[in-house]
Each structure stands twice: as C-alpha cells, then as structure tokens.
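Just so you know, all these numbers are worked out from the coordinates, no wet-lab data involved. All values derive from a computational prediction rather than experimental measurement. For neighbour counting, all protein chains shown are included, and Cβ atoms are generated from backbone atoms with ideal geometry for every residue, glycine included.
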C-alpha cells in the first residue's frame, strides 16, 4: 500500500505533466495558426504573360498557381494567360492559389473541341 507522501508525489508528477502538455499544445497551436495564416500579399498581374512567367511571378510573391481552363482566344497567343482569379491587386495570404486561364490561340473552335 502507498503512503500519503507517495500519493502526494504521484499527484504532483501528474499535475506537472498535465501542465507541460497543456503549455505544449497551446504553443504548438499558436505557431500553427501563425504559419498557416501567411502574410498578406498583392496578387501580381500576369494577364498577357506566358504560363512560365506567370508561375515565376506567383512563386516570387509566395503564391501557388493552378490552370483552371484553356480557351480558344483569337486575340491572345497560345500559352499566354487570358484571365486570373483573384484579380490583380487583390490582397490575399501567401500560400493561396491563383487560378489562371490560358489561351489556345487562334484555333478553329472545331479543333479546340476535339
């Protein structure tokens, strides 16, 4: 059987462990929140630029890029950006995705659908 002093020591140890665990999780949560939150950045204007140049600009700004569509556009050379979302100048957090539409160039609409 455990003495009163032994039980007291066990409870003190458990309480210390619980306090350290709580402090750890609060600290980890705060760090995660700040890391995920990102810093604000203005979206660069990449309309009219090549896909590669757009990716470089987004990388430099700390943003990610995704191609949402490829569209026949008689006025824009193939491979150039014709649209972006969010729009240039919008303030978003680093790490977020900017979606672009690329031109397929002046193809016939029939060829683009094949």
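Specify the angular offset, from 0 to 90 degrees and rounded to the nearest 10, of the alpha carbon long axis of helix 4-37 from the longest principal axis of the alpha carbons in the chain. It is inclined by approximately 10 degrees. Bridges between two residues of the chain, per DSSP, are antiparallel at a rate of about 55%.
Distance between the modelled labels on residue 3 and residue 47, one decimal in nanometres: 8.2 nm (7 Å Cα→Cβ projection). Does region 40-112 come out rounded, prolate or oblate by the C-alpha gyration tensor, with a ≥ b ≥ c the root eigenvalues, rounded set by a/c under 1.5 and, if not, prolate when a/b is larger than b/c and oblate if not? Prolate. Length gained on full extension, residue 39 to residue 96, computed as 0.36 nm times the residue gap minus the Cα-Cα distance: 19.5 nm.
Rounded to the nearest 10 degrees, the inclination of helix 51-61 to the longest alpha-carbon principal axis of the chain is 30 degrees.
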